[in-house]
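The values are calculated or read from the model by the stated rules, or taken from the named source; none is laboratory data. What you see is a predicted model, and the numbers here were worked out from it, not measured in a lab. Cβ atoms come from the backbone with ideal geometry, glycine included; neighbour counts cover every protein chain shown.
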Amino acid sequence: MTHGIEPVAGPDTWPAHVLNRYSVSYGSPELRIVSEYSLRELFEKYGDILWEPGKHKYNVTFFIGELDELLMGRRFSAFTQDMLDELIGKLRARGNSNATINRKMAALSKLLRKAYKMGTIHSLPEFRRQKEPAGRIRFLDHDEEERLFAAIRKRSEDAWRLSIFLVDTGCRLGEALNLTWNDVQGGRASFWITKSARSRTVPLTKRALSVVKIPKNGYEGPFAMLRQASFRAIWNEAKMEVGMGDDDQLVPHALRHTCASRLVQGGIDLRRVQMWLGHQTLTMTMRCAHLATNDLDPCVDVLERKPRRRKAG
C-alpha cells in the first residue's frame, strides 16, 4: 500500500500514530508502506462479512477479543507460527480444553484467511487441530424416551411437540426453532439456517408430520412460540422428575444422537446418515458407527468355530 510519503525525511521524523500503524520498507526510489492490523481491527474490517448476526457471531466476537488481549493488541502484517503457538500456550495456561482451543482457533483461522485473501496480511501460519477426546455419545432408548417425553408433555404441549420433531428428524434445536411454515411442505422439512451453512431437506415421519400440523395463530413457524432457554428449563425439570437429573450428558442435543443411533442400528449406511444430519464431514457421523452392533455379530461365530480334527491315516 503506497501512501505517497517521500523518502526525504526518515521514519524517525514521522508522527507516532504512523509508526504504530505501519511497518516500513524503504529504498530507492520509492518508500513502501505495509499496513499492520491487530486482530480486533481485522474483526472490525471483516467480521460483518464473515459472520451473520446471532449467538455464533457473539461468541466469535468474544473469542477474537480474548485473542487480541493475549497478544496485547499487537499489530502485524504477517501472522507467524510463533504467534499462533504463543496464543495456544496462553489459552492452555488459562485452563482452556483442547475442544475450546479448537473453537477459538477456527474463528481465528477464518478471519486470517479472509484477510490473507484480501491482501490485508501476506502470510498465514499452519493451523493444526488439537486432539479432543471422543467422549460418550448419549442417546435415549425407547423406554427412556417415553418416560421423559411424558414428563415434558405434562409441562408444555409445545415442548413435547418439539421433542418429537427433534428425535425424528435429528435436527439441531436452533434449526427447529428457526423453521417457518413454508419450510414444511410436501411431507418434508427444509433447514436453511444450519451450523455447516449448508441447507438440507429431510422427509418427515408420521408423528413428526403430525406435530407440525397446528394452527398458525400468528406465529412464524411451528415452534416459534418457544425459546431455547424455556425449552431447556422444561427439559431439565422433566429429567429430574423421571430420575435422570444427575445425567449431565442427557441434554436436548442427545435427541440428535438418538436419531443418528437409530438410523445406524437400522442399517442405514453412513453416507445417508451424514446427509440426513447435515454433517459437513463423515468424522462426526463415524462416532455413531459403533452403534451398529449387529454388524459385528458374525465375528463371534467365526471365533467360536471349532477346528476340524484330522482323520487318522
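General observations
- For region 199-248, taking the residues that are free of Cβ contacts under 8 Å to residues at least 24 places away in the same chain and among the aliphatic types (A, V, I, L, M), the one that is nearest to Glu144 (Cα to Cα) is identified as Met240.
- Any hit, region 81-102, residues being in a helix (DSSP H, G or I), within 30 Å of Leu226 (Cα to Cα) and among the hydroxyl-bearing types (Ser, Thr, Tyr): yes
- Residue check, Val184 closer than 26 Å to Val273 by Cβ and either touching a strand residue (DSSP E or B) at 6+ places or on another chain (Cβ under 8 Å) or in the same structural domain as Met275 (by TED's automatic domain parsing) (or both): yes
- Scan of region 83-113 for residues that are within 16 Å of Arg40 (Cβ to Cβ) and either under 14 Å from the mean Cα position of the chain (by Cα) or not assigned by TED's automatic domain parsing to the domain that holds Ile64 (or both), ordered by number: Lys104, Ala107, Lys110
- Only a single criterion out of (1) in contact with an Asp or Glu (Cβ under 7 Å, 6 or more places away or on another chain); (2) closer than 30 Å to Arg200 by Cα is not satisfied by Arg172, namely (1).
- When Ile214 is tested against the conditions (1) of a type in the set (A, V, I, L, M); (2) surrounded by fewer than 17 Cβ atoms within 10 Å (Cβ to Cβ); (3) not in a loop (DSSP other than H, G, I, E, B), the lone failure is (3).
- Residue check, Gly119 within 18 Å of Glu44 (Cβ to Cβ) and part of a loop (DSSP other than H, G, I, E, B): yes
- Only one of the listed residues (Asp168, Asp143) is in a helix (DSSP H, G or I) and either touching a residue at least 60 places away in the same chain (Cβ under 8 Å) or among the aliphatic types (A, V, I, L, M) (or both). That residue is Asp168.
- With respect to the conditions (1) part of a helix (DSSP H, G or I); (2) more than 19 Å from the chain's Cα centre (by Cα), Tyr219 lacks only one, and its number is (1).
- Of all residues making up region 45-65, the number that are exposed (fewer than 15 other Cβ atoms within 10 Å of the Cβ) and not in a helix (DSSP H, G or I): 3
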